[in-house]
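Everything on this sheet refers to the single structure shown next.
Only the coordinates and a few stated rules stand behind these numbers; no lab work does. All figures in this text were calculated on a predicted structure; none of them were measured in a lab. Here Cβ is always computed from backbone atoms with ideal geometry, including for glycine, and neighbour counts include all displayed protein chains.
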Amino acid sequence: MTAHRQCGVYNHLSISSPNAKCKRNHPLTYFGTVFFLCTIHLSLLTTVFAGTTGKITGQVTEVDGTPLPGAAVIIEGTKRGVETDEEGVYLLLSIEPGNHTIICAMIGYESQAKTDVRVTSDFTTNESFALKEQAFQGEEIVVEAQCGSGSWGMFSAKALVPPIELDKTTSMYVVRRDDIEALAIVRDMTDFIELQAGVTVDENGEEITVRAGDAKDVAYYFDGIPLPTTDHVETRVYRNFNRLSIQELTVVTGGMNAEYGNALGGVISVVTRDGTDRYHGLADYQFTPPGQKHWGQNVFESPMHRGNTHWDDPAWVAETITLPNGQIVPAHSRLDYTNEIGHYLEGNLSGPLLQNASFFFSSRWHRDPAAFPGPQLHTPFNLNTTLKLTHSPSNNIKLRAGWTLRFQAGCV
C-alpha cells in the first residue's frame, strides 16, 4: 500500500506607490513585488499527484539465464534496496530523477554494479543483472548501463537511455540537469521550454501555448504540485525558477496520463534538486560590456529625427517645459543609453545538515542594460532565491520543505 501527501502555500505580498508609473494598469502591477512559494510534502514509496520520481526494475539471473531469488539490489550511496522474488525480478520505487549506481549482490556470486543508470520522472528504467558464480571473494565487476542516442528539443547527445522506451506513451521532451548546465547561453526556464517542438511563446515572452492551443490550457507542476495559471483577469504563471535549481524539466505536448488534471493543451513539470550527503557548489557569471545593443544608428541620430534636433545649439538644448504639476524640466534630453553594462550571477550550494537530512540553496541576480532609451536604462534590483530541505527518517519515508522568494523593485 502506498501513499503520498503534498500541500502548497502561495502568498503574494505587494507594496504599491501612487507615484509609480507602470507599463499597464493591472491589479498585479506593483511598485515592489515579493513572491513566496512554500511546499511541504511527505512521500511514501510513490505518488498520487504529478510524478516527480521514477522506478527501476529488472531481473537477476545466472549467466545461463536461471533466475536468482533472494538477490539484494541496492542504490549506491542510499539506504534504498530490495530483494528479488522467486522469478528473480526486483522493483525499486520512488527513485529521484538523475543518474544512479545500482549494485547487485548475492552470496556465492560475484557482485555487479551498473553505473550511470538514468531515471526519469513517471517512467520505468529496466536494468537486469547476470551474476557469475564464484567460490571465493573476488573483485567487483562494473558494467556501464545501456547507452542509446536521445534528443530533447535542440539537445542531441549520447544519452543513457534504451533505444526503445516501452512505457513511453506520450509526446514529451525532457531537459535534464546535465543539459541545463551544458547550455550556458540559455538562462531562463521559458527559453528552455520554447526550444521544445510544438511550443510557442508570444512576442512578450509571457504566454506559452502548446500545439496552437490556449495559454490557459497548459498545466504547470512544481515538484508535483499544480500551480495556478490565472488570476481571474488573464493568464499568469510563475515560471521564474532558477536554472541551477532544476533537476528535470518535462514538457508533455500530447497523450497526457490521467495523473495530470485540467491539462487540455500540454503539461510543463519542474522537479527541483535535493541535497546530497556531500557538499557541492556551482557559480555562473556573465558580463555584458558597454556598447550599443541594437542594429543601426544611435536612436538620437536616426533619420526620423533628422532636421528636428539641434544638439549643437546651446539655446535649443537649454529649452524647458512646465509639467501640469508645475515642475520645470528640460525639453530635450539625450541619454547615453549605450554606456550601460550588465551582470548575471547565479549559484547554488548543497550538502548534508544532520543525519539523514540535507539542504539545497540557489540564488540568482541580474542587471540587464536596456537596448533603447527609456525611463530606466537597466532592470531594477531583483533577487530570486530557493531553499529546499530534505529529511529521510527511514527508507520509505522522505520529508521535503521548499521555499522560494522572488523580489523585484520597480514596476512589473
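Assorted remarks:
- Note on Thr169 and Asn240: with the Förster distance fixed at 25 Å, the Cβ-Cβ geometry gives a FRET efficiency of about 0.20.
- Residues whose amide H falls under 5 Å from that of Phe123, counting only those 5 or more places apart or on a different chain, are Lys55, with hydrogens built in the peptide plane.
- Using R0 = 30 Å, the C-beta based FRET efficiency linking Thr115 and Leu383 works out to 0.20.
- 3J(HN,Hα) along region 278-290, derived from phi through the Karplus expression 6.51 cos²θ - 1.76 cosθ + 1.60 where θ = phi - 60°, amounts to 10, 7, 9, x, 8, 10, 9, 10, 9, 10, 9, x, x Hz, with x in place of Gly and Pro.
- When each of Lys79/Lys114; Lys55/Lys79; Lys55/Lys398; Lys79/Lys398; Lys55/Lys388 is checked by Cα-Cα distance, pairs over 21 Å: Lys55/Lys388
- Distant-in-sequence amide H partners of Val143 (H built 1.01 Å from N, under 5 Å): Ala113, Lys114, Thr115
- Among 85-97, 341-353, sorting by the average number of other beta carbon atoms lying within 10 angstrom of each residue, highest first, gives 85-97, 341-353.
- Extension gain (nm, one decimal) between Asp202 and Glu86, 0.36 nm per residue minus Cα-Cα: 36.2 nm
- Taking the Cα centre of region 272-401 as origin and assigning +1 to Lys and Arg Cβ atoms and -1 to Asp and Glu Cβ atoms, the resulting dipole is close to 780 debye.
- A cut-off of 5 Å between modelled amide H atoms, ignoring neighbours fewer than 5 places along the same chain, links Val89 with Val60.
- Placing pseudo-labels 7 Å out from each Cα toward the beta carbon at Thr276 and Ala401 gives an inter-label distance of 2.5 nm.
- Cβ-derived FRET efficiency at R0 60 Å, Arg334 paired with Glu133, nearest 0.05: 0.10
- Listed residues Ile328, Trp403, Gly347: farthest to the positive end of the dipole of region 316-404 (Cβ charges): Trp403
- Packing, taken as the mean count of other beta carbons within 10 Å per residue, orders the peptides 72-79, 215-222 from highest to lowest as 215-222, 72-79.
- Phi angles across region 373-387 convert, under the Karplus curve 6.51 cos²θ - 1.76 cosθ + 1.60 with θ = phi - 60°, into 3J(HN,Hα) values of x, x, x, 10, 8, 7, 5, x, 4, 8, 8, 10, 10, 10, 9 Hz, Gly and Pro given as x.
- Across region 248-259, rounded Karplus estimates of 3J(HN,Hα) from the backbone phi angles (6.51 cos²θ - 1.76 cosθ + 1.60, θ = phi - 60°) give 7, 10, 10, 10, 9, 9, x, x, 5, 6, 5, 5 Hz, Gly and Pro being marked x.
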